[in-house]
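Structure, as structure tokens:
The values are calculated or read from the model by the stated rules, or taken from the named source; none is laboratory data. What you see is a predicted model; the values in this text were computed from it and never measured. Accessible surface is based on the protein model in full, side chains and every heavy atom, while ligands, DNA and RNA are left aside. Shrake-Rupley method; radii C 1.70, N 1.55, O 1.52, S 1.80 Å.
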Amino acid sequence: MSTQVSAEQYASWPEERCAGVEIVDGVAVDRPSASKRHNRLARILANALDAAAGPDWNADTDFDVRLQDVPLTNRRPDVTVYRAETIDLTPTRPDHVLLVVEVVSPGSETTDRVVKVNQYAKAGIPFYWRVEQAVTGVPVIYTYVLDPATRAYRDGEMFTGAINAAAPFSVTVDLGTV
């Protein structure tokens, strides 16, 4: 039986405990440990996005985005691009976020391809990227753009080994050697 977790309870937890879970509809869900390849890919993307974002945006890995307060839903995207002026605000809210990126790993396929997509769209996050780690070693990046009227994502472009995002900033990343 699962116990509901409130925002106040979650705020009292130490960072080490928070790093290993996401809160979905008020229930703590353990996150499996990511592989070195997964973490490296997320870091490369975050660094490239951060460099391309300019002074108004930051890109970071591994921190909570509070999608809703009741029931509490916190997700920990692999990469988050958020407004630079909100760096010290906790929790990070969807209106602070421009883009979330999830790197799909074995065991996270359904969550990253279906569940999180719907949660991020419902929360109003404008862009979602899903990165699939292909057997060739060259990642495939699927991009999605929010339709604000329906609060659903529509398909954007698909990239293999390189990312070229048009708006609000441009970034090119060669992921062929990840």
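Worth a mention:
- Note on Asp147 and Leu89: the extension gain reaches 18.2 nm, defined as 0.36 nm multiplied by sequence separation minus the Cα-Cα distance.
- Residue-normalised accessible area of the chain, given per residue in Å² at a 1.4 Å probe: 53 Å²
- Backbone phi angles across region 55-70, fed through the Karplus curve with coefficients 6.51, -1.76 and 1.60 (θ = phi - 60°), yield HN-Hα couplings of x, 8, 10, 10, 10, 9, 10, 6, 9, 6, 10, 7, 7, 7, 8, 9 Hz in residue order; Gly and Pro are listed as x.
- Fraction of accessible area attributable to carbon and sulfur, region 1-82 (%, probe 1.4 Å): 50 percent
- Using the alpha-carbon positions of region 33-174, Rg (one decimal) and Dmax (whole number) come out as 14.1, 42 Å.
- For Val21, distant residues with modelled amide H under 5 Å away: Arg31
- Gaussian network model of the chain, Cα within-10 Å springs - most flexible of Thr80, Thr92, Thr110: Thr110
- Region 1-33 and region 64-94 have their alpha-carbon centroids 14 Å apart.
- Compared with the dominant Cα axis of the chain, that is its longest principal axis, helix 36-53 is turned about 80°.
- Phi angles across region 75-84 convert, under the Karplus curve 6.51 cos²θ - 1.76 cosθ + 1.60 with θ = phi - 60°, into 3J(HN,Hα) values of 10, 10, x, 5, 9, 10, 9, 9, 4, 4 Hz, Gly and Pro given as x.
- Lys116 accessible area, assembled protein chains, probe 1.4 Å, Å²: 10 Å²
- Vicinal HN-Hα couplings computed from phi for region 19-27 (Karplus, 6.51 cos²θ - 1.76 cosθ + 1.60; Hz; Gly/Pro x): 5, x, 9, 10, 9, 10, 6, x, 10
- The largest accessible area among Glu15, Glu102, Glu109 belongs to the first residue in Glu15, Glu109, Glu102, and the rest follow in falling order (1.4 Å probe, all chains).
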